[in-house]
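Take a look at the structure set out below.
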Amino acid sequence: MRWSLIVFLLSLIVSGAGAQSLNLNDLIKLTSLNHEQAKNYLTNERKFSALPIIDTVGAKIFQFTKAGAPSVTELIIKSAWRDDRGLEHPFVHYDVRPKAYTDVILHQLKSADFRLVSHESDKYKTVFLYENERFTVSVYTFSEKKLPASIEVRVK
């Protein structure tokens, strides 16, 4: 009996090693942080690695990656877009494999009182669009197993 309990506890510890690094609250938090704050949070607290910054016309794209268990990959892209009035709208894009991790985010969206605005599906992809008064969250999953699932959080 005691050995089975030890084996069970060890399996929980090992299974947690490849667990999803970010949840909905983390993604929302990242939209409000500046680059240095986001970098510190992701690299120090969540153990991501910073990738080179991409400087495009009018926007900088900050990327972070994390290699977990062989079956888990995560990529964070943080940037912003400017509207016609010059207001900046930050967004965070989270690519994750396996796509089952999106189920966790979808459950968190429902629990956080986001409302489902749109749900589309075909044989190649499924798209969910949720929003509340401050954020729009898009969740994309693909039937092609090589493609990661994607979650994008945008500030309205």
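The values are calculated or read from the model by the stated rules, or taken from the named source; none is laboratory data. Note that the structure is a prediction, hence the values are computed from the model and not measured. Here Cβ is always computed from backbone atoms with ideal geometry, including for glycine, and neighbour counts include all displayed protein chains. Just so you know, the surface numbers come from the protein's heavy atoms only, side chains and all, with ligands and any DNA or RNA stripped out. Shrake-Rupley method; radii C 1.70, N 1.55, O 1.52, S 1.80 Å.
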ask   = Hey, residue 145 hits all of (1) closer than 15 Å to residue 24 by Cα; (2) open to solvent by 90 Å² or more (accessible area, probe 1.4 Å); (3) modelled with pLDDT under 95 but one; which does it fall short on?
value = (1)
inquiry  = Looking only at region 73-108, how many residues end up being open to solvent by 40 Å² or more (accessible area, probe 1.4 Å), under 18 Å from residue 31 (Cβ atoms), in contact (Cβ under 8 Å) with a residue 24 or more places away in the chain and among the charged types (D, E, K, R)?
reply    = 1
request  = Being in a strand (DSSP E or B) and either out of contact with any Phe, Trp or Tyr (no Cβ under 8 Å at 6 or more places or on another chain) or free of Cβ contacts under 8 Å to residues at least 12 places away in the same chain (or both) is the filter here, so list the residues in region 129-139 that pass it.
outcome  = 129
task = Filter region 62-72 for residues that are aliphatic (A, V, I, L, M) and open to solvent by less than 30 Å² (accessible area, probe 1.4 Å) and give the result.
result = 72
key: Filtered residues of region 32-61 (kept if touching a helix residue (DSSP H, G or I) at 6+ places or on another chain (Cβ under 8 Å), open to solvent by 50 Å² or more (accessible area, probe 1.4 Å) and closer than 14 Å to residue 88 by Cβ)   = 60
query = So which of 138, 150, 118 ends up being surrounded by fewer than 17 Cβ atoms within 10 Å (Cβ to Cβ) and of a type outside the set (A, V, I, L, M)?
reply = 118
